[in-house]
Amino acid sequence: MADTLEPLIADLVSWIAKEPREYTEVMEAWRTSCPRLPVWEEANARGLITRERDAGGVAMVRVTEAGRAFADRC
């Protein structure tokens, strides 16, 4: 399954690397992606993305330094 997930993880991380995204936007955009949750979980487990709240309390998803390096390699 890792071979199947790798390109999807790269797509997710590259998309988020363009600009921080609201968590709800990420989930909405990836809801039709199968398998969405394994992609999300794997990107999180690898430390490629992080979720944090902005000053207004909105949950945001950002790419970490490791995620940016991963996106640059892909």
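The values are calculated or read from the model by the stated rules, or taken from the named source; none is laboratory data. Values in this document were obtained by computation on a predicted structure and should not be read as measured data. Cβ coordinates were reconstructed from backbone atoms using ideal geometry, including for glycine residues, and neighbour counts include every protein chain displayed.
Values computed for the structure shown
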{"read-out": "Flag if Arg53 is modelled with pLDDT under 95 and surrounded by fewer than 16 Cβ atoms within 10 Å (Cβ to Cβ)", "value": "no"}
{"read-out": "When residues of region 1-46 are limited to those that are part of a loop (DSSP other than H, G, I, E, B) and among the basic types (Lys, Arg), the one modelled with the highest pLDDT", "value": "Arg46"}
{"read-out": "Filter result (outside any loop (DSSP other than H, G, I, E, B) and loosely packed, with under 14 Cβ neighbours inside 10 Å) within region 60-74", "value": "Glu65, Ala69, Asp72, Arg73"}
{"read-out": "Close pairs (8 angstrom Cβ cut-off, 6 or more residues apart or separate chains): in contact (Cβ under 8 Å) with a residue 60 or more places away in the chain and over 16 Å from Met27 (Cβ atoms) in region 56-74, among the charged types (D, E, K, R) and surrounded by 11 or more Cβ atoms within 10 Å (Cβ to Cβ) anywhere", "value": "Phe70/Arg46"}
